[in-house]
Amino acid sequence: MSLDIQSIRKDFPILEQQVYGKPYIYFDSAATALRPLQVLNAVTKIYKEFNGNPHRGSHYMSNQTTLAYEAVRDKVQKFINAPSREEVIFTKGATEGVNLVAYSFGDAFISEGDEIIITEMEHHANIVPWQLLAQRKKAKVKVLPITDRGELIVSELDNLITPKTKLVAVNMVSNVLGTVNPIQDIIEKAHSKNVKVLIDAAQGIQHVKTDVQKLDCDFLVFSGHKIYGPTGVGCLYGKKDLLDAMPPFLSGGEMIEKVSFDGTTFNSLPYKFEAGTPNFTEVIGMGAALDYVNNIGLENIAAYEHELLEYATLKLKQIDGMRIFGDADNKASVISFLVGSAHHYDMGMFLDKMGFAVRTGHHCAEPLMDRYGVHGTVRVSLAIYNTKEEIDKLAAAIEKVAGMLQ
Ligand code: PLP
């Protein structure tokens, strides 16, 4: 299906802005995607028309909010094909989801000497919570290496997994290299040795059809703001038997069944893990974002992004001194690069003044930067509203800036 990108672009009014008197060209969707009007309208509607704290009042507005909030749980369940709605926990984002599992699963299931396996291409959000867990429990974090092309050496898992291994935590798509990881294989390998698997889908959910039943992953996390939704909201999917066996993470209102000064009992799933007033406005906005993606079709979005990725890769490769990090067979629309001796930060600064929003730095993946022996890169991430014309302009701008910086 051919998409009408010009009409899609109209859904994103921010693209009409200028920066420094130049048209705004947004290539930083992997950091946070732009939000379409449909999402902005859904959020505004809550504040304007039916504000009320969900689950906490018997009045009309509170009931309306509860219905809308819980309807998003059903949407997420369907979007990721979770077996039941109780297995969908609203969080504030992927980071909170990983932390929830690291604390709660860690508390219940990790003991001294146990091992957790992560990979060389993880975001700090899927590294540091495991390191802290390892410190608390005197456990060990092991690392699955990658090839120079930026692909996981999955066969190494056979050596890394031991009877002490309790969990593998791996991203679905690398935020730096764009690699789409063979998570199905990883899950099968881990499960064959009775090891649980957490999938960090922060960069995957918006590009790759996600079916948690087919994957059979034990946990999966993502953030709403990377899939055209609001900030401050995301999801944790977990298998019911595991979530039931895990102690609460945050505590307070709503996650309880009965509180007395003699002791407290806890609410059932999913509420056991949703303490305090949730970001209900943002949750409802995320529901609108999922509707938006469903209406266009994730597979159509992915196909268009792939076309852009191939076009941009070809264009950028023509630039003298271009070094692209990540050349996996299966890539999502993320390109990290350096040109000649130009510093990534200088490149980003000049591009910014020319109207381009790109990401520079270590991308919260310092161990991966160490792996490639660099301090940082420039990252271009492509989404549904980007065009080949924008890529042409970017390539010309990079060439110009590289010339100035040599
Ligand atoms: N995992 C990956 C692969 C990411 O790229 C990011 C953010 O960039 C995160 C986790 C953390 O997401 P958030 O900051 O939305 O919690």
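Here, each number is a calculation from the coordinates, and none is a lab measurement. None of these values were measured; they are calculated from a predicted model. Counting neighbours? That spans all protein chains shown, and the Cβs are built from the backbone with ideal geometry, glycine included.
Set the Cα radius of gyration of region 1-109 against 2.2 N^0.38 Å, with N its number of residues, and you get 1.43. Placing unit charges on each Cβ (+1 for Lys and Arg, -1 for Asp and Glu) gives the chain a dipole about its Cα centre, and among Ile110, Ile5, Phe261 the Cα reaching farthest toward its positive end belongs to Phe261. Put the Cα centre of region 205-228 next to the Cα centre of region 343-406 and the gap is 27 Å.
Note on Gln406 and Glu188: the model spin-label points, each 7 Å out from Cα along the C-beta direction, lie 4.8 nm apart. For region 40-294, the residue among Asn81, Thr66, Ile146 whose Cα projects farthest onto the positive side of the dipole built from Cβ charges is Thr66. Backbone geometry of region 219-234 corresponds, through the Karplus equation with coefficients 6.51, -1.76 and 1.60 at θ = phi - 60°, to 3J(HN,Hα) couplings of 9, 8, 10, 7, 10, x, 6, 8, 10, 6, x, x, 7, x, 8, x Hz, x marking Gly and Pro.
If the limit is 18 Å between Cα atoms, which of Lys196/Lys331; Lys226/Lys317; Lys164/Lys240; Lys78/Lys331; Lys92/Lys137; Lys164/Lys193 go over it? The pairs that break the limit, which is 18 Å between Cα atoms, are Lys196/Lys331; Lys226/Lys317; Lys164/Lys240; Lys78/Lys331; Lys92/Lys137. Helical content alone sets the calculated 222 nm signal of the chain at -12500 deg cm²/dmol, taking -39,500 (n - 2.57) per DSSP H segment of four or more residues and averaging over every residue. Here the gap between Gln135 and Asp291, fully extended at 0.36 nm per residue and compared with their Cα-Cα distance, gives a gain of 52.0 nm. Using the average count of surrounding beta-carbon atoms within 10 Å as a protection proxy, the listed peptides 311-320, 198-207, 38-47 rank, highest first, as 198-207, 38-47, 311-320.
A cut-off under 11 angstrom between Cβ atoms defines the neighbours of Val358, and their net charge, with Lys, Arg +1 and Asp, Glu -1, is 0.
Annotation: for a label point projected 7 angstrom from Cα along Cα→Cβ of Lys258, residues of region 266-304 with backbone N closer than 13 Å are 266-267. With helices defined as uninterrupted DSSP H runs, which ones in the chain have an alpha carbon span along their own long axis of at least 15 Å and mean Kyte-Doolittle hydropathy of at least -0.5? Taking the DSSP H segments of the chain (at least 15 Å long, mean hydropathy at least -0.5), we get 37-49, 60-80, 94-109, 280-296, 298-317, 388-405. Simple spin-label estimate for Lys10 and Asp352 gives 3.3 nm between the two label positions (7 Å along the Cα-to-Cβ direction from each Cα).
Kirkwood radius and radius of gyration were both taken over the C-alpha atoms of the chain, and their ratio Rg/Rh is 0.98. Taking the chain as a Gaussian network of alpha-carbon nodes connected by springs under 10 Å, the highest mean-square fluctuation of the residues Ile335, Ile161, Ile296 belongs to Ile296.
Using 0.36 nm per residue and subtracting the Cα-Cα separation, the extra length available between Glu49 and Phe109 on full extension is 17.1 nm. Comparing Ile14, Ile301, Ile186 in a Gaussian network model of the chain where C-alpha atoms under 10 Å apart are linked, the largest mean-square fluctuation is found at Ile14.
In straight-distance terms, cross-link reach from Lys45 covers every one of the aspartates and glutamates whose alpha-carbon lies under 14 Å from its own, apart from those fewer than eight places away in the same chain; here that gives Glu282.
Computed from the C-beta positions of Ala245 and Ala396 and an R0 of 41 Å, the FRET efficiency is 0.15 to the nearest 0.05.
Taking every pair of alpha-carbon atoms in region 47-147, give the share separated by more than 24 Å as a whole percent. Walk me through the numbers before you get to the answer.
Numbers: 2331 of 5050 pairs.
Result: 46 percent of Cα pairs exceed 24 Å.
When only the Cβ of Lys, Arg, Asp and Glu is charged (+1, +1, -1, -1), the dipole of region 240-373 relative to its Cα centre reaches about 360 debye. The slack in the chain from Thr277 to Glu70, taken as 0.36 nm per residue of separation less the alpha-carbon distance, amounts to 73.1 nm. For Gly253, the amide hydrogen comes within under 5 Å of the amide hydrogens of Gly276, counting only partners 5 or more places away or on other chains and with H modelled in the peptide plane.
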